[in-house]
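Shown next, in structure tokens, is the structure this report addresses.
The values are calculated or read from the model by the stated rules, or taken from the named source; none is laboratory data. Please read all numbers here as calculations on a predicted model, not as lab measurements. Please note: Cβ atoms are built from the backbone with ideal geometry, for glycine as well, and neighbour counts cover all protein chains shown.
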Amino acid sequence: MANDNSFLSTEEVAKLLNVHTNTVARWIKSGKLPSTKIGREYRIPREAIENRASRVSSGTRIIAIANQKGGVAKTTSTLNIAAALALSNKRVLIIDLDPQGGSGVSIGIATDTLNKTVYNVLVDDDMGFTDIIMKTKFGFDLAPSNIDLAGAEIELKQLLASEQVLKRKLEEVLDDYDFILLDCPPSLGMLTINALTASKEVLIPMAMEHLALRGLDMLAKTIGKIRSITNPDLQYLGMLGTKYDRTTLNSKEIFEALSTAAQNSGIKLFNTYIPDTVRFKESPRYKIPLVIEQPNHEGAKAYMTVAEEIING
């Protein structure tokens, strides 16, 4: 059997799927990958690998929620879109790539007490996302982060194919989810580059502020470089207007400018904008995504509409 072309070694599987051999070993141990043990080595049916590769290529949508400017509602959007997708019976995972750990903190998780986070997954070959993923009571799962992740910016640069680490690590959990949302930090460093390299799509929250528009060109240039070097398949999911205040002329003018920028760049602008309401500012105190806590709120309805656009888009 060892020489049968219908079976592969763990090293051959790792090479074909572009993952670490430790990841293959974890798949075998968890029962995700059928195998036969011969002596000390495992042999995996080639058919199982071909089926897995087919599911991966056509299945999970990995979406980076990115903007190098802070305060544009990246985390708020990530949490509410995740909850909205879960309400639509989608299997959803949030990966918090911000050292501030906002995704976890916002739903009541004391991230500063965690010993295993996204940081450990990125820098330790022996650890995978299955070791840190937490189920939440809101229908989606979370891979949490805390301030330890700040060290990954430096440590990742020292690794071989450093921009590919997250993509490689995600292979282990792709079969488990319909959507994986990457909550990116407010910067264009190694963590965001890893997110854009691993993603199929990028969603850009744009606050109704003049400074937010100024950063769009810089982000677009970064995405262009990612496409040309590490991820030619990366697509724009679209720009999402956030913090829209209907009582001010400023929001209207900036949204119109954003519409023009969308047309000029060929980037889709979501039909729905997210209103600037006190309830979003108070959200961290309630520790519940608004689409679940107040489903009839205008902001919750807006995020539900965005989720529908994502599903149907």
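I'd like the residue in the range 246-264 that is of a type outside the set (Gly, Ala, Ser) and within 23 Å of Ala307 (Cβ to Cβ) and, out of all such residues, is farthest from the chain's Cα centre (by Cα).
Arg246
Could you please give the count of residues in the range 220-250 that are within 15 Å of Met190 (Cα to Cα) and aliphatic (A, V, I, L, M)?
Within the range 220-250, residues that are within 15 Å of Met190 (Cα to Cα) and aliphatic (A, V, I, L, M) number 3.
Given the residues Asp96, Asp124, which is the only one that is acidic (Asp, Glu) and either under 20 Å from His20 (Cβ atoms) or modelled with pLDDT under 95 (or both)?
Result of the check over Asp96, Asp124: Asp124.
If I ask for residues that are crowded, with 17+ Cβ neighbours inside 10 Å and either assigned to a helix (DSSP H, G or I) or outside the structural domain of Val291 (by TED's automatic domain parsing) (or both), which ones from the range 133-149 would you list?
Selection gives Asp148, Leu149.
Residues to consider are Asp112, Asp126; find the one that is farther than 18 Å from Cys184 by Cβ and part of a helix (DSSP H, G or I).
After ruling out the rest, the residue left standing is Asp112.
Hey, among Leu258, Leu234, Leu240, Leu249, which residue is closer than 30 Å to Ala161 by Cβ and either assigned by TED's automatic domain parsing to the domain that holds Gly215 or crowded, with 18+ Cβ neighbours inside 10 Å (or both)?
When all the criteria are applied, what remains is Leu234.
When the residues of the range 261-279 are filtered to those that are in contact with a helix residue (DSSP H, G or I) (Cβ under 7 Å, 6 or more places away or on another chain) and among the aliphatic types (A, V, I, L, M), which remaining residue is farthest from Val105 (Cα to Cα)?
Ala261
List the residue pairs whose Cβ atoms are under 6 Å apart, where the first residue sits in the range 271-297 and is over 19 Å from Tyr244 (Cβ atoms), the second is among the charged types (D, E, K, R), and the two are 6 or more positions apart or on different chains.
Here the result reads Tyr286/Glu293, each pair linking the range 271-297 to a residue that is among the charged types (D, E, K, R).
Please state which one of Glu282, Glu308, Glu253 is in a helix (DSSP H, G or I) and under 22 Å from Gly108 (Cα atoms).
Glu282
State all residues of the range 150-184 that are part of a loop (DSSP other than H, G, I, E, B) and closer than 20 Å to Gly101 by Cα; if no residue qualifies, say none.
Hit for the range 150-184 is Cys184, nothing else.
Which of the following residues is more than 22 Å from Tyr286 (Cβ to Cβ), assigned by TED's automatic domain parsing to the domain that holds Asp276 and at pLDDT 85 or above: Arg43, Arg91?
Sole residue among the options that is more than 22 Å from Tyr286 (Cβ to Cβ), assigned by TED's automatic domain parsing to the domain that holds Asp276 and at pLDDT 85 or above: Arg91.
In the range 216-237, is there at least one residue being touching a Lys or Arg at 6+ places or on another chain (Cβ under 8 Å) and assigned to a helix (DSSP H, G or I)?
no
Does Met127 count as under 20 Å from Lys32 (Cβ atoms) and free of Cβ contacts under 8 Å to residues at least 24 places away in the same chain?
So Met127 fits the description; yes.
Within the range 202-218, can you find the residues that are farther than 20 Å from Glu298 by Cβ and buried (at least 19 other Cβ atoms within 10 Å of the Cβ)?
Passing the criteria: Val202, Leu203, Ile204, Ala212, Leu216.
Here are the criteria: (1) outside any helix (DSSP H, G or I); (2) under 29 Å from Asn194 (Cβ atoms). Tell me which single one Asn271 does not satisfy.
(2)
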